[in-house]
Amino acid sequence: MGIFGKLGWFFKKEKKRYILGIVFLALTSLANLVPPRVLGLMSDQLDQGRISWLQYLTYIGLIILTAVVLYILRFFWRKQIWGGAAELERQMRSKLFSHFMAMDRTFYQRHRTGDLMAHATNDISALQEVAGAGVLTLVDSLMMGLTTIIAMIIFVDWRLTIIALIPLPFLALGAQKLGDRLHDAFDKSQAAFSRLNNKTQESISGIKVLKTFGQGKEDTASFNKMIQDTIKINKKVFFYDSLFDPLGSIIIGLTYSITIVYGGILVMNHSLSIGQLVSFVAYIGNMVWPMFAIGYLFNILERGSASYDRIEKLLQEKPLITDDNADESISAEDIAGDVSYNIDHFAYPDEPEVEVLSKINFTLKQGQTLGLVGRVGAGKTTIIQLLLREFDNYDGEITLNGIDIRKIPLNVLLRQISYVPQNNFLFSTSIQKNIAFSDTAADENQIIEAAKKSDLHEDILQMPKSYNTLVGENGVSLSGGQKQRMSIARALLKQSQILILDDALSAVDARTETEILKSLKKERQGKTTMIAAHRLTSVMNADLILVLKDGKIVERGNHDQLLELDGWYAEMWRRQELEEKVGE
């Protein structure tokens with residue numbers, strides 16, 4: 001029953017709804033006592049041979065009236081209790097989704113997408129069952145069981161009642177033992193479902209790679225093995241679950257046997273009438289549901305308890321990036337100015353012993369363009385991530401207009417930054433809505449203008465429905481270059497103080513790159529731009545270019561100055577020039 005305690009916060013909030021539902025359930029249980037009593041009275045009068053047609057019709061009418069009352073009562077308790085279950089589902093889904101939105105990069109590095117989806121679907125459905133079927137089963141079985149036992153004692157015989165119910169404690173004991181095992185088994189079952197869900201999500205997302213490398217059969221075999229492992233784990237759940245019904249059947253069978261034997265003795269001794277025995281047997285029929293409900297209830301509660309523990313464990317995780325030290329009075333105007341980096345040391349939280357950045361010091365004046373170049377893994381993207389506050393655990397500071405970014409509220413900071421990452425993400429909607437994602441209030445002309453600046457407009461006009469063309473999941477129907485340019489258009493539409501392009505021109509050709517950079521130079525007058533790239537033509541017009549190696553700045557200056565240094569930059573420039581000429 002621990003799950004009801006865990007959900008106590010919800011039941012207190014919705015107590016009016018559940019009190020009404022329980023009242024209607026109690027009235028339903030009382031109404032269920034009428035038909036057995038009527039059958040008993042009819043049996044006695046039939047046995048004595050003195051029932052009239054008027055009495056017979058009265059009894060029939062009473063049973064029909066009871067059925068109508070039961071119909072109305074069941075409608076109202078269902079409305080209250082199932083409505084409560086739907087409200088719990090709504091609140092938990094909203095709570096979990098809000099938690100996902102509040103968490104930072106490290107959270108998503110620890111948890112796989114499929115696992116998070118399993119929490120948001122399967123686990124919450126199990127909780128909904130507790131607030132609906134769980135409450136119903138508990139209250140209904142208790143009410144019906146208690147009222148039926150009381151009716152047995154009052155209308156039949158207290159001795160027969162006590163003797164007949166002797167097997168019940170064994171049912172409760174067996175249910176408790178099975179419930180403990182079911183909880184552990186279901187917890188493992190939910191974890192297996194999460195793994196299977198994650199495997200499905202990864203395989204579908206990576207279907208192009210699987211087909212390209214001809215790994216379809218191997219991946220299918222791996223998936224089938226995972227299914228077999230999941231089924232094996234679920235068999236334990238089904239095994240323990242399947243033991244509840246036979247246990248209930250044995251107890252019911254013993255109860256009927258005791259009733260027939262001992263009740264028959266009481267009838268023969270004239271301590272009990274035939275009608276009372278008929279009523280008692282009918283009342284035992286009412287006890288069937290409460291007895292079987294114990295197994296059903298334990299199943300629901302243990303599943304719900306395991307799911308709640310999994311969700312709570314997730315909700316207990318706190319983001320590393322917060323506004324705890326932020327100054328809420330800081331506005332967008334306050335941070336319009338120079339960007340300064342003074343980083344002594346930075347390492348990722350999960351690998352604190354591995355230094356990623358060291359002695360990163362530079363200032364970018366407002367309106368200037370910064371170029372970040374270097375080999376793969378040199379630290380270009382990490383420098384950008386720190387500005388985006390994906391990590392705060394560095395020694396030193398990053399300032400905007402002299403203000404440490406850790407003191408700037410996240411919603412203020414991030415609204416002033418437009419970011420085009422290495423791996424572009426597009427939503428499975430139209431081109432127009434994908435571009436307008438950064439500014440949903442933008443009109444059609446603004447969207448078209450942003451597409452023109454990213455040299456995408458002409459491509460869009462060639463598509464079947466122009467700007468209303470659906471791009472598919474993550475832009476599956478577009479080329480790599482088109483996806484990059486669409487992401488750039490989205491960023492330009494935002495008109496932010498800082499624009500960051502993280503290797504965002506790698507999939508476009510040289511002509512397109514030139515056109516985009518020309519548009520950016522004109523568009524970004526007076527605004528700061530940061531470009532991380534492998535192709536040096538992307539940064540050759542930057543005011544400041546930093547060459548990174550192993551997380552350190554090894555060269556700095558503009559294009560001409562770096563060529564004069566005749567270092568890594570100059571060598572790469574000559575090599576890329578040669579590659580371009582050979583390509584031509």
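All of the numbers you see were taken from the coordinates with simple rules; none came from a lab. Predicted model only: the values in this text are computed from it and were never measured. Glycine also receives a Cβ, built like all others from the backbone with ideal geometry; neighbour counts cover every protein chain displayed.
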The residues D344, D560, sorted from fewest to most surrounding Cβ atoms within 10 Å, come out as D560, D344
In nanometres, the difference between 0.36 nm per residue of separation and the alpha-carbon distance of L46 and L563 is 174.7 nm
The relative contact order of the chain, taking Cα pairs under 8 Å that sit 6 or more residues apart, comes to a percentage of 14
With bins of 5 Å, the percent of all Cα-Cα pairs of segment 147-197 per bin from 0 is 4, 17, 14, 11, 11, 9, 9, 8, 7, 6, 4, 1
In the neighbourhood of G557 defined by beta carbon distances under 13 Å, the net charge of the other residues (Lys, Arg +1; Asp, Glu -1) is -4
Of the convex hull drawn through the C-alpha atoms of segment 2-315, the volume per residue in Å³ is 162
Distribution output for segment 365-524: share of Cα-Cα pairs per 5 Å bin in percent, first bin at 0, values 1, 8, 17, 21, 20, 15, 10, 6, 2, 0, 0
Going fewest to most other Cβ atoms within 10 Å around each Cβ, F186, F11 line up as F11, F186
Per the helix-only model, the chain has a calculated mean residue ellipticity at 222 nm (DSSP H runs of ≥4, -39500 (n - 2.57) each, divided over all residues, rounded to the nearest 500) of -20000 deg cm²/dmol
Given Cβ charges of +1 for Lys and Arg and -1 for Asp and Glu, the option among L387, L247, F437 whose Cα lies farthest towards the positive end of the dipole of the chain is L247
Output row, site K365, 7 Å Cα→C-beta label point, backbone N cut-off 12 Å, window segment 512-538, residues 526
The farthest towards the positive end of the charge dipole of segment 2-315, of the residues G134, Y296, P169, given +1 on Cβ of Lys and Arg and -1 on Cβ of Asp and Glu, is G134
For segment 387-403, in residue order, the Karplus 3J(HN,Hα) values (coefficients 6.51, -1.76, 1.60; θ = phi - 60°; whole Hz; Gly and Pro = x) are 5, 7, 6, 6, 9, 10, 8, 10, 8, x, 7, 10, 10, 10, 6, x, 9
One would report the antiparallel percent of DSSP beta bridges in the chain, rounded to the nearest 5, as 55
For segment 1-96, the charge dipole (Cβ of Lys, Arg +1; Cβ of Asp, Glu -1; about the Cα centre) points to a positive end, and the Cα of G21, F11, S43 closest to that extreme belongs to F11
If one compares the long axis through the Cα atoms of helix 216-242 with the longest principal axis of the Cα atoms of the chain, the angle in degrees, nearest 10, works out at 30
A correct Karplus calculation of ³J(HN,Hα) over segment 568-579, with 6.51 cos²θ - 1.76 cosθ + 1.60, θ = phi - 60°, whole Hz and x for Gly and Pro, returns 4, 4, 4, 5, 5, 4, 5, 5, 5, 4, 5, 4
Here the Kirkwood hydrodynamic radius of segment 522-584, Cα-based and in Å, equals 12.8
Taking M117, M572, M152, M287 and counting other beta carbon atoms within 10 angstrom, the fewest-first order is M117, M572, M287, M152
Over all viewing directions the Cα convex hull of segment 348-455 casts an average projected area in nm² of 9.4
Answer in debye to the nearest 20: the dipole magnitude of segment 275-432 about its Cα centre, from +1 Lys/Arg and -1 Asp/Glu charges placed on Cβ, is 660
Segment 434-584: spread of alpha-carbon positions along the three principal axes, whole Å, largest first, is 50, 36, 27
The equivalent-ellipsoid semi-axes of segment 68-172, taken as the square roots of five times the Cα gyration tensor eigenvalues and listed largest first in whole Å, are 44, 18, 8
At 25 °C and 0.890 mPa s, the Stokes-Einstein diffusion coefficient in µm²/s for the chain, with hydrodynamic radius from the Kirkwood sum on alpha carbon pairs, is 81
In cubic angstrom per residue, the convex hull of segment 421-495 built on its Cα atoms measures 77
Log10 I(q)/I(0) at q = 0.16, 0.18 Å⁻¹ for segment 302-397, from Debye over equal alpha-carbon scatterers, is -0.85, -0.99
Once normalised by the length of segment 421-495, the mean sequence separation of its alpha carbon contacts under 8 Å that are 6 or more apart gives a contact order in percent of 51
Between Q366 and residues 5 or more places away or on another chain, the pairs with built amide H atoms under 5 Å apart involve D338, V339
